[in-house]
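A short worksheet on the structure shown next.
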Amino acid sequence: MNNSLIIKTTDYNDTYNRSLLNKIPRYASRQNIGLISTDLPFFGNDIWTLYELSWLNSKGLPQVCIGRIIINANSINLIELKSFKLYLNSFNQTKFETWMIVRQVLERDISHLVEGEVHVALFRLHEIEWQPLSCFNGYCIDEQDIEIYDYFVNANMLSNINNNIVKETLVSNLLKINCPISNQPNWSSIMISYKGIKINHISLLRYLISFRKYQFFSEQCVEKIFNDILYLCHPDELTVYVRYTRRGGIDINPWRSNIDFYPNYSRLVRQ
């Protein structure tokens, strides 16, 4: 027997089963980064895009769509990604009378799991063909000529550069974390928009790269970055928006802000 990797199969349930969903309480991850859930410094949403959602209509004809699920950041729980993928697979051979029923089932099940506000939209493929791939608008800080010495997350890397008040949007495509459950890499692009004392771009880039070996849930990562910038760089206004590349046909796109913010839903070039 050689030492090649053996591919192990996974049993998938292809008929509807809501019990496949698993929840992760938000409070545990928030406590780890110094946040108290009852006194959060932000509001926001977690935007999930579903690229592999399918079911059967009443005549057994397969239906396909792209789904968008918006989960309020004030919900009690997160959805565990693998369980969500298994749950969505359980729709594959299940008959539903209408698209509206599918949307209602998703909204009901997810709302029950996360214990919070959830909105679900389903899009026929021709309805979204016109949407172009895009990039975050802002100044990209990735091209700085710096040397990285370690990959240990350290919020103290963050600093202001002077006393000038600015309003700017900074972008990086170098943020990477690892899933705490599977240890699989999660690649992303991040947009940080703020008004306040100018943030040192070099220190910010070092800080973002320091997440590269660490295990965080996607939502937890965004909240830590928001919290660290808010309390170490003291901006009056702050928005952090991260769009992760898809895993298992799903991408997760959380944002947190302390001002009115309306996210762009367009896919980025790596999504």
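Within the chain, the longest segment free of exposed loop sites, counting GluC sites (Glu not before Pro) that fall outside DSSP classes H, G, I, E and B and have at most 15 other Cβ atoms within 10 Å, spans 148-271.
Can you flag which of Lys198/Lys224; Lys23/Lys224; Lys82/Lys195 are past 26 Å Cα-Cα? Listed pairs above 26 Å: Lys82/Lys195. Kirkwood's formula applied to the C-alpha pairs of segment 112-271 gives a hydrodynamic radius of 16.8 angstrom. Backbone N atoms of segment 253-271 closer than 12 Å to the 7 Å Cα→Cβ label point of Thr245 belong to residues 269-271. Please go through segment 26-111 and write out the trypsin sites (Lys or Arg not before Pro) that DSSP classes as loop and that have at most 14 other C-beta atoms within 10 Å. Qualifying residues, ordered by number: Lys59. Give me the angle, in degrees from 0 to 90, between the Cα long axis of helix 218-233 and the longest principal axis of the Cα atoms of the chain, rounded to the nearest 10. Helix 218-233 sits roughly 20 degrees off the main axis of the chain. For segment 198-236 and segment 91-105, write down the distance between their C-alpha centroids in whole Å. Measuring centre to centre over Cα atoms gives 40 Å. For segment 117-210, the solvent-accessible area works out to 56 Å² per residue, with a probe of 1.4 Å and every protein chain left in place. The loop-placed chymotrypsin sites (Phe, Trp or Tyr not before Pro) in segment 35-127, going by DSSP, include none that has at most 12 neighbouring Cβ atoms within 10 Å of its Cβ. Over segment 123-243, what percent of the accessible surface lies on carbon and sulfur atoms, probe 1.4 Å? For segment 123-243, the apolar C and S fraction of the accessible surface comes to 50 percent.
Remark: segment 16-106 carries 46 Å² of accessible area per residue (probe radius 1.4 Å; ligands, DNA and RNA excluded). Would you work out if segment 21-135 is rounded, prolate or oblate? Take a ≥ b ≥ c from the square roots of the eigenvalues of the alpha-carbon gyration tensor; rounded if a/c is under 1.5, else prolate when a/b is larger than b/c, oblate otherwise. In terms of gyration-tensor shape, prolate.
The values are calculated or read from the model by the stated rules, or taken from the named source; none is laboratory data. All of these numbers come straight from a predicted model, not from anything done at the bench. Every residue, glycine as well, gets a Cβ built from its backbone with ideal geometry; the counts of neighbours run over all protein chains shown. The protein model used for the area step is the full one, side chains on, heavy atoms only, and it has no ligands, DNA or RNA in it. Shrake-Rupley method; radii C 1.70, N 1.55, O 1.52, S 1.80 Å.
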